[in-house]
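K.L.:
Got a structure for you, written out below as C-alpha cells; questions coming shortly.
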C-alpha cells in the first residue's frame, strides 16, 4: 500500500514532467531544436498563476492567468530570439535558449525575490479509495491535466492549424510550397508551448513551492521524458513523463530523495543507448 | 592593491584554462559540451580529497586532471555517437549528476557543508603576496603550455581531422575515419584541462562546496569563448578578461550602491549573461576576435 501511495504521488509528479516534456517535444518536432528555456516557462506559468490567485482568490482565474503569462513569454521568446535564429546551427539555438531561460529566471528573481511562495489553498480531508489517500486538489489537478492534454491533441489533430503544424513538423519545405504560412504555424506553436508549460508549472507550484529556479531544476527530467517518449511524439512525451514520475517516486525509499534527478539522467542514458528513437519516435533519426 | 590584482589574475587564468578546454572541444571540434563544470568539479574534489590525505599537491593536481579526463571516457562513450543537441543535453545532465553526487555522498565529500581548510600552493614560502605571485606564475605557465598543446594538436594531422569533423562530419566518415574516436579523445583532453583548473581553484579558494559548481559556471565559460571568438586562443583570453571585468565590475557597483542586495545582483548578473548570450549568438557568433571569413 505504501508503494501504491508513492506511485500515486509519482503519477502527479509525472503529469508535470509529461506536460513539460510535451512542450519540449513540440518545439523539437516543429521548430527543430532542444529548448533549454522550457523549464523557465514552467516557472513563468507558476508565478503568473500565483499573482492572479493573490489578486482574485480564484483558482480557475489563477490557472487562466498563469497560462496567459507563460504563453506571452513563450511567444515573445520566439519573436525576439528564436525567429531570428531559424536555420542557424544547433549550437546557436541551444545557447540562445539557455540565454532565454537565464533572462526569464533573472526577471522572476528581480520581480518576486528569492523567497519561496506557496499557493494559499484551503486544506481538505483527503478522499480514501481502498486505502489510497487522494486529496480533492490532486483530483482536480488530474482532471485539469487530462482536459489540457485532450484539448492539445484535439488542436493538433482536428483543427486546420494543428494539421499545418504537423505538416511543418513532417517537412517544412513541402509545407511551405503547399501554401502553409510557417509564421502563423510558429506563432500558434509557441502559444501552445507556453500554455502547456504553464499548466505543468502551476501543478508543480501547487504541489511544492514557487521559486525562480523551480522550472530549471525540472529540466533534466523533462528532457529525459521527451527522449524516452520519442522526440516529436506528443503522446509518447506524456506517457514517458508519467512513467518517469512514478519511477522517481518509487525509487526514493531505496536511493533517497536527492537522487531523483539522477534517476532521470540514468533513464535518459539508458534510452539513448538501447532505443534512441524512444517509445514512439519515428520522425527523428538519432544516430 | 597588488594583492587584489594578483587575485584577479589567478581567477582570470583559472577561467582561461577552463575556456581553453572548451575552445578545443567546441571551437576546434564542434562538440557542444554543456557540462564543462562537471569536469571542473571532479578535478577540484579529486585534488582536495587527495591533499587532505597528505598527498603532495603536485601529485594531486596531476591526479585531478587525469581523473577528470578518465571520467570523460564513459560520458563520451555513451553520447558521442548521438546528434549534437543530444550530446549537449547529456553533458548538461552529467554535470548536474556530478553535483548531486557530491552533495549527497557525505561520507566522501562532506555534502553541502563542503570541504574547508584545503592547503594552498606554495605554503612553504610563508603565504602572503610572494606565494600568491608564485601561484600566478605557475598558472600562467600551465596556461601557456595548454595553449601551445592545443595549437600543436590543431596543426597536427589529428587536428586537421577534428576540424574536418566540425565542418563536415559525413565527409570525414566517408573518408574512412571514425569521428567518435577522435571526439572522445578531444573530450578527454578538454576535461583534463578543466580538471586541472578545478584543482587550482580548490587550492586557491581553500574551501569547496557543491554550490560553486552549478551550470552557470559552464555558461560563463561559454559566454567567454563566444564573446572572445570561437576557436581562437586570443579570443579565449579576451573573452575571459571581459567576463571577469563584468563579474568583478558588478561587485564594485554593489559597493557603490549598497542598496542593491546580493540576491538581486545575482539575478541581474544572470540576466545580463542570458541577454549577452542571445545577442552574441544572434549578431556576432564569431565573437570579437573571431574568424571574419567564416560564419
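Every number in this text was worked out from the coordinates using simple rules, so none of it is lab data. Quick caveat, the model's predicted, so the values are computed rather than measured. Note that each Cβ is placed from the backbone with ideal geometry, even for glycine, and that neighbours are counted across all protein chains shown.
K.L.:
Averaged across orientations, what area in nm² does the convex hull of the alpha carbons in the stretch A:1-158 project?
P.N.:
Values: hull surface 46.5 nm².
Convex hull of Cα atoms, orientation-averaged projection: 11.6 nm².
K.L.:
Testing the spin-label approximation: label points 7 Å from Cα along Cα→Cβ at residue A:209 and residue B:155. State their distance in nm.
P.N.:
5.6
K.L.:
What FRET efficiency comes out for the pair residue B:245/residue A:139, r = Cβ-Cβ distance, R0 = 45 Å, nearest 0.05? Mind showing how you got there, number by number?
P.N.:
Details: r = 55 Å, r/R0 = 1.21.
With R0 = 45 Å, the Cβ-Cβ based efficiency is 0.25.
K.L.:
Same structure again: For chain A, what relative contact order do you get, as a whole percent, if you take Cα pairs closer than 8 Å and at least 6 residues apart?
P.N.:
Details: 477 pairs, mean separation 103.0, N = 287.
In percent, rounded to a whole number, it is 36.
K.L.:
While we're here: Send over the Kirkwood Rh of chain A, from the inverse of the averaged 1/r over different Cα pairs, rounded to one decimal Å. Write down the numbers at each step before the final one.
P.N.:
Numbers: mean 1/r = 0.0525 Å⁻¹.
Final number for the Kirkwood radius of chain A is 19.1 Å.
K.L.:
Let me ask something additional. Cα axis of helix B:215-228 to longest principal axis of chain B: angle in degrees, 0 to 90, nearest 10?
P.N.:
Approximately 60 degrees, to the nearest ten.
K.L.:
What nm value, rounded to one decimal, do you get for the distance between residue B:264 and residue A:88 when each label is placed 7 Å out toward the C-beta?
P.N.:
3.2
K.L.:
In whole Å, largest first, what are the principal axis extents of the Cα atoms in the stretch A:1-90?
P.N.:
Projected onto its principal axes, the Cα set of the stretch A:1-90 covers 51, 36, 15 Å.
K.L.:
Here's another thing I want to ask about it. Using alpha carbons only, how many degrees (0 to 90, rounded to 10) separate the axis of helix A:136-158 from the longest principal axis of chain A?
P.N.:
That helix lies at roughly 10 degrees to the long axis.
K.L.:
Taking R0 as 41 Å, what FRET efficiency do you get between residue B:254 and residue A:177 from their Cβ-Cβ distance, rounded to the nearest 0.05?
P.N.:
Values: r = 56 Å, r/R0 = 1.35.
E between residue B:254 and residue A:177, to the nearest 0.05, is 0.15.
K.L.:
Stokes-Einstein D for chain B at 4 °C, 1.567 mPa s, Kirkwood Rh over Cα pairs, in µm²/s? Kindly include the intermediate steps, with their values, before the conclusion.
P.N.:
Values: Rh = 19.6 Å.
The diffusion coefficient I find is 66 µm²/s.
K.L.:
Using a Gaussian network model on chain B with a 10 Å cutoff between Cα atoms, which of B:144, B:257, B:102 fluctuates the most?
P.N.:
Comparing B:144, B:257, B:102 in a Gaussian network model of chain B, the most mobile one is B:257.
K.L.:
Report, in deg cm²/dmol and to the nearest 500, the calculated mean residue ellipticity at 222 nm for chain B, where each DSSP H run with n ≥ 4 adds -39500 (n - 2.57) and the sum is divided by the residue count.
P.N.:
-25000 deg cm²/dmol
K.L.:
So what's the angle, to the nearest 10 degrees on a 0 to 90 scale, between helix A:2-30 and the longest Cα principal axis of chain A?
P.N.:
The helix A:2-30 is inclined about 20 degrees to chain A.
K.L.:
Spin-label point model (7 Å from Cα, Cβ direction): what's the residue A:64 to residue A:5 distance in nm?
P.N.:
Label-label distance for residue A:64 and residue A:5, simple model: 3.8 nm.
K.L.:
Separate question: Taking the protein assembly as shown, how much of its Cα-Cα pair set, in percent, is spaced more than 39 angstrom apart?
P.N.:
Details: 47547 of 169071 pairs.
Across the protein assembly as shown, Cα pairs with separations above 39 Å total 28 percent.
K.L.:
Quick one: Debye curve from the C-alpha atoms of the stretch B:156-241, no solvent, what's log10 I(q)/I(0) at q = 0.11, 0.26 Å⁻¹?
P.N.:
Per q value, in the given order, log10 I(q)/I(0) is -0.44, -1.25.
K.L.:
Sticking with this structure for a sec: With an 8 Å cut-off on Cα pairs and a minimum separation of 6 or more residues, tell me the relative contact order of chain B in percent.
P.N.:
32 percent.
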